[in-house]
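One structure is given here, and the rest of the page talks about it.
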Amino acid sequence: MKKTIWLMCFITLCATVLLFANKHITVYKPIQQAVDSLVVLKSKNSLQVYANKKLLKTYSCGIGSNRNGKKQYQGDNRTPEGKYYITTRSDKSIYYKNLHINYPNTLDRKRCKAKGLNPGGDIKIHGYADQNGNTNYRNIKFSETWGCIGVTNAEMDELYKWVKDGAVIVLKG
């Protein structure tokens, strides 16, 4: 009887090890150099951070609540798609800190003008705050924005420190 119990425990242990052997373990590694480009993969809710074409880090991020397609006009709750630039930064923001993205660019303005629409603007990478200004941690995987890219406040601190003004940001569907 004891041998059977030990055998069952051993089989359970082996099955557990095999089940979890292929899972990735994420280790927090801080960025330690200037960031010159970013890539947002909207379909994966991820923000990739690069320096000299080398991937430094990937964050989970929130995007616009209207997930499909690129931003069409102000108020559509979509995150833009295309190539843009980080133009300014602010630590005086309702959404904690932010990095401003130069949406709308010339093409966005032309497209909207032809359709008689307002392209909107004020698209940023930002941390979070609730209606009372509380900037506690939020689960970004399940968060949505009005079209911006949202990260945790700790992640925003890191991005704010290392992303250069003029950095390229490519937003993909």
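Could you give the length gained by full extension between residue 92 and residue 56, i.e. 0.36 nm per residue of separation minus their alpha carbon distance, to one decimal place? Walk me through the numbers on the way to the answer.
On the way: separation 36, 0.36 × 36 = 12.96 nm, distance 2.70 nm.
Additional length available on full extension: 10.3 nm.
Return the aspartates and glutamates within reach of residue 83: Cα separation strictly under 19 angstrom, same-chain partners fewer than 8 residues apart disregarded; answer none if there are no such residues.
Counting by Cα, and skipping residues close in sequence, residue 83 has these aspartates and glutamates nearby: 36, 108, 122, 165.
Taking every eigenvalue of the Cα gyration tensor of the stretch 41-172, multiplying by 5 and rooting it, what semi-axes result, largest first, whole Å?
Equivalent-ellipsoid dimensions as semi-axes: 23, 17, 14 Å.
Any chance you could run the full-extension gain for residue 105 through residue 172? It's 0.36 nm times the residue separation minus the Cα-Cα distance, nm to one decimal.
Numbers: separation 67, 0.36 × 67 = 24.12 nm, distance 1.58 nm.
Extra length available between residue 105 and residue 172 comes to 22.5 nm.
Here are some pairs, 97/161; 54/164; 92/124; 44/164; 29/172; which of them have Cα atoms lying more than 19 Å apart in this structure? Can you show the working numbers first?
Numbers: 97/161 11 Å; 54/164 15 Å; 92/124 13 Å; 44/164 24 Å; 29/172 25 Å.
Where the Cα-Cα span goes over 19 Å, the pairs concerned are 44/164; 29/172.
Bear in mind these aren't lab numbers, they're just calculated from the coordinates by the rules spelled out. Model, not experiment: these values are computed from the prediction.
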